[in-house]
Each structure stands twice: as C-alpha cells, then as structure tokens.
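Right, one structure below, let's go through it.
The values are calculated or read from the model by the stated rules, or taken from the named source; none is laboratory data. No experiment lies behind these values; they were computed from the predicted model shown. FYI the Cβ positions are ideal-geometry reconstructions off the backbone, even for glycines, and counts take in every protein chain you see.
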C-alpha cells in the first residue's frame, strides 16, 4: 500500500470515527472510569503491586479491600485514584503545570500512603 492509499484509508477511518461524536455522556463517563482504573493499576504494577485490574477496580469503585492483599497495596490504589482525580480536575480547569503542582501530586501520594 502506497502513501496515498494509506492517507485515504486514514481519512476514511477518521471520518467514520467522527460520525460517532459526540459520545453519549454515560459512555464518556464509562470510558473515563476505565482509563482511571487502567492508569492506577498499571502505575501500581510498575511499582510491584500484586493487585489485578479487577481488584484495583473493586477497591476504587466500592472501597472494599481485597482478600489477602496488603493494606499498603490497597492504600496505594486508593491514593493514586485520588491523585488521578486531582490531576484530572487540574486538566479540566486548564491549569498550567508547575513545579508546585508536580510537588503537590507527589506529596499527596506519599503522605496518603503513610497515613
């Protein structure tokens, strides 16, 4: 496939994707929720957490702890979820990123884990 054909195919796909916009509010909320859970789970997994995506979702959605998982891992999931919410509020307010905001995000996550 040459460059022109690829561009035409991409344009067609873009037009098809745009035909679904705007997404219903409920769908946007569900997508936001899934992205948040994926972010929290993958960030904690990088740090060595043994929580699964399902367990992370359960903690975030219901606040129920998971059987035989450490309190630390549970708190990390909850705390990172709160940091994610704070970060998203900054984005929605179109807040410029600054050293202070970065420090706040780190501070919130570290302090909440120690509580």
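For region 26-41, the condition of being out of contact with any strand residue (DSSP E or B) (no Cβ under 7 Å at 6 or more places or on another chain) and part of a loop (DSSP other than H, G, I, E, B) holds for none of the residues.
The residues of region 58-80 that are over 21 Å from residue 107 (Cβ atoms) and out of contact with any helix residue (DSSP H, G or I) (no Cβ under 7 Å at 6 or more places or on another chain), listed by number, are 58, 61, 62, 63, 67, 68, 70. Of all residue pairs spaced 6 or more apart or on separate chains, those with beta-carbon atoms under 8 Å, a first member in region 1-24 that is surrounded by 10 or more Cβ atoms within 10 Å (Cβ to Cβ) and a second member that is at pLDDT 90 or above are 23/31.
Quick check on residue 92: is it surrounded by fewer than 14 Cβ atoms within 10 Å (Cβ to Cβ), under 18 Å from residue 30 (Cα atoms) and either at pLDDT below 90 or over 13 Å from the mean Cα position of the chain (by Cα) (or both)? Yes; evaluated as a whole, the condition is true for this residue. Restricting 28, 40, 83 to those that are modelled with pLDDT of 90 or more, closer than 24 Å to residue 107 by Cα and surrounded by 11 or more Cβ atoms within 10 Å (Cβ to Cβ) reduces the list to 40. Of everything in region 59-69 that is outside any helix (DSSP H, G or I) and in contact (Cβ under 8 Å) with a residue 12 or more places away in the chain, the residue that is nearest to the chain's Cα centre (by Cα) is 63. Inside region 44-57, residues that are in a helix (DSSP H, G or I) and either loosely packed, with under 12 Cβ neighbours inside 10 Å or touching a helix residue (DSSP H, G or I) at 6+ places or on another chain (Cβ under 6 Å) (or both) make up a count of 6.
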